[in-house]
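Below is one structure; the comments refer to it alone.
Where a number appears in this text, it was derived from the coordinates with a stated rule and is not lab data. Nothing here was measured: the structure is a model prediction, and the numbers come from that model. Glycine also receives a Cβ, built like all others from the backbone with ideal geometry; neighbour counts cover every protein chain displayed.
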Amino acid sequence: MTDSPTAATARPVVLASNRGPLSFSTGPDGGLVARRGAGGLVSGLAPLMVGTDGIWVAAAMSDGDRAAAAAGPAAAEGLHTRLLAIDPDDFRMAYDVVGNATLWFIHHGLYELSRRPRFDHRFTQAWDAYRRVNTAFADVIAEVAPEAAAVLVQDYHLGLLGPMLAQRRPDVRAVHFSHTPFAPPDWFRVLPDAVASELLEGLAGHHACGFHTQRWADDFSACCIEVLGRRPTTFVAPLAPDPEDLAAVATGEPCARALASLDEQVGQRAFIVRVDRIELSKNLVRGFHAFDDLLERHAQWRGRVVFGAFVYPSREGLAEYLAYRQEVEAVIEQVNRRWGTADWTPILAFIGDDHPLSVAALRRFDVLLVNPVRDGLNLVAKEGALVNQRDGLVLLSPEAGAWAELEGAVRRVHPYDISATADALADALATPAAARATEAAELRRRARLRTPRDWLADQLAAANA
Ligand code: G6P
């Protein structure tokens, strides 16, 4: 993508997100090496900003990032980034305690409410840190934003920027976009009253608030009506993968090597795939239990199918995520011990962030399992549809935002119903080639209906409205 967003809209673009498009580490010669950051937000948005004048403001998340931040504005891989060196303790409290252990859990319904959350003195300090991090972002954006810029604020880490920017730079238009679901009022009410209203005032203080589906926008509106007594402006703009960016990875040498190695490991067997962060809301453990159930009740598949799990560690500063990773590894081992034979390993687990390998898996799946308990969008479902070369079928949870766009072209999978998931896997594996081809063609068509440019155009339209 070479067009400048500036040209299309007359408003220069500033993008603000917690995780930046590049993560820095120290190379063997002591210099800083830039690598593309992980996660759906970065993979969806980075291609939009490459080669444009847009400025991407993000937090320094590692020591390497902090060194890059100290070196000032960085232009690397066609991106103009500005990293904020936030005090590491403030960052940890804002990111881990407020962002990941509280807001993420509230929006995804992950709490077992009889025990968690506990809002105590430590949380109050963390909330103060969250406010300071948002203030640091507002200060830097106020400094770097060109006149009348559209400031595109991403996600739950930065919920308070709207009013802060309005005060500092009345000429800019800030739009907030949530890549997560939004909690319905019954869940949102779990937050302390003062936090709930400060957060909603912060979000509503943007010119508009965007979501991947109408369902999340409605939940947000319902919370605002209950707490603030008013309905802010919302818009719906599902993100989509960039077909050119994906094709470049898919046709690259590392992907070809990964594909050859997968061919060797999977052979003639059917191939079920999942690609996810190791994340509670992604529902990995139930997915492996469903595979176990498939092997138990649909015995014809024993020895004839491999489940490739392309999963990567995430947010390991939180005990919940470490424990979940152990649970994931334990269930994989249990299934492999139960069913594996000398020449067949039922679950091949690839643990680590290897983008070309994940794309190779998406090219090669016969069935893609996407069964989150709740998910803002789920780009993997769309990426899989775009790059797959075997008329693979996608099993999707209706709790993923992408369901609204893909319903009718994917198979529904109930995220909590392990038996039904096993049966859906069996049905998909047994689908004749002609039916698969028809289904996959429709899925490709749907997945191509939008590109990241449409998403960007929607943000800018919301800023200009
Ligand atoms: C989700 C969030 C993103 C986040 C990504 C990775 O997609 O919506 O904002 O960047 O997860 O999470 P992390 O905590 O590693 O940045």
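Can you pull out the GluC sites (Glu not before Pro) in the stretch 293-381 that DSSP calls coil and that have at most 15 other Cβ atoms within 10 Å? List each step's numbers first, then the result.
Numbers: sites: Glu296, Glu316, Glu320, Glu327, Glu329, Glu333; in loops: Glu316.
Passing sites in the stretch 293-381 are Glu316.
How far is helix 452-464 tilted, in degrees, relative to the longest principal axis of the Cα atoms in the chain, given as a value from 0 to 90 rounded to the nearest 10?
30 degrees
So how tilted is helix 121-144 from the main axis of the chain? Cα-based, degrees 0 to 90, rounded to 10.
Roughly 70 degrees between the two axes.
From Cα pairs below 8 angstrom and at least 6 apart in sequence, can you work out the relative contact order of the chain, rounded to a whole percent? Walk me through the numbers before you get to the answer.
Values: 892 pairs, mean separation 63.9, N = 465.
Computed value for the chain: 14 percent relative contact order.
May I ask you to compute the full-extension gain from Gln326 to Arg302, defined as 0.36 nm times their residue separation minus their alpha-carbon distance, rounded to one decimal in nm?
Details: separation 24, 0.36 × 24 = 8.64 nm, distance 2.55 nm.
Gain in length upon complete extension: 6.1 nm.
Based only on Cα atoms, what mean projected area does the convex hull of the stretch 340-465 have, in nm²?
On the way: hull surface 39.1 nm².
Averaged projected hull area, Cα only: 9.8 nm².
In debye, nearest 20: dipole of the stretch 1-110 around its Cα centre with unit charges on the Cβ of K, R (+) and D, E (-)? Don't skip to the answer; put the middle values down first.
Details: 7 positive and 10 negative charges, 45 e Å.
It comes to approximately 220 debye.
For His179, His289, which order do you get if you count the other beta carbons within 10 Å of each Cβ and list the fewest first? Don't skip to the answer; put the middle values down first.
Details: His179 23, His289 17.
If I rank by nearby Cβ atoms, fewest first, I get His289, His179.
Roughly how many debye, to the nearest 20, is the charge dipole of the chain about its Cα centre, given +1 on each Lys and Arg Cβ, -1 on each Asp and Glu Cβ, and no other charges? Before the final figure, lay out each step's value.
On the way: 47 positive and 58 negative charges, 114 e Å.
With only Lys, Arg, Asp and Glu charged at Cβ, the dipole is about 540 debye.
Using alpha carbons only, how many degrees (0 to 90, rounded to 10) separate the axis of helix 214-227 from the longest principal axis of the chain?
With rounding to tens, the tilt is 40 degrees.
Which listed residue (Ala70, Leu259, Leu22) has the Cα farthest towards the positive end of the charge dipole for the chain, taking +1 on Lys and Arg C-beta and -1 on Asp and Glu C-beta about the Cα centre?
Leu259
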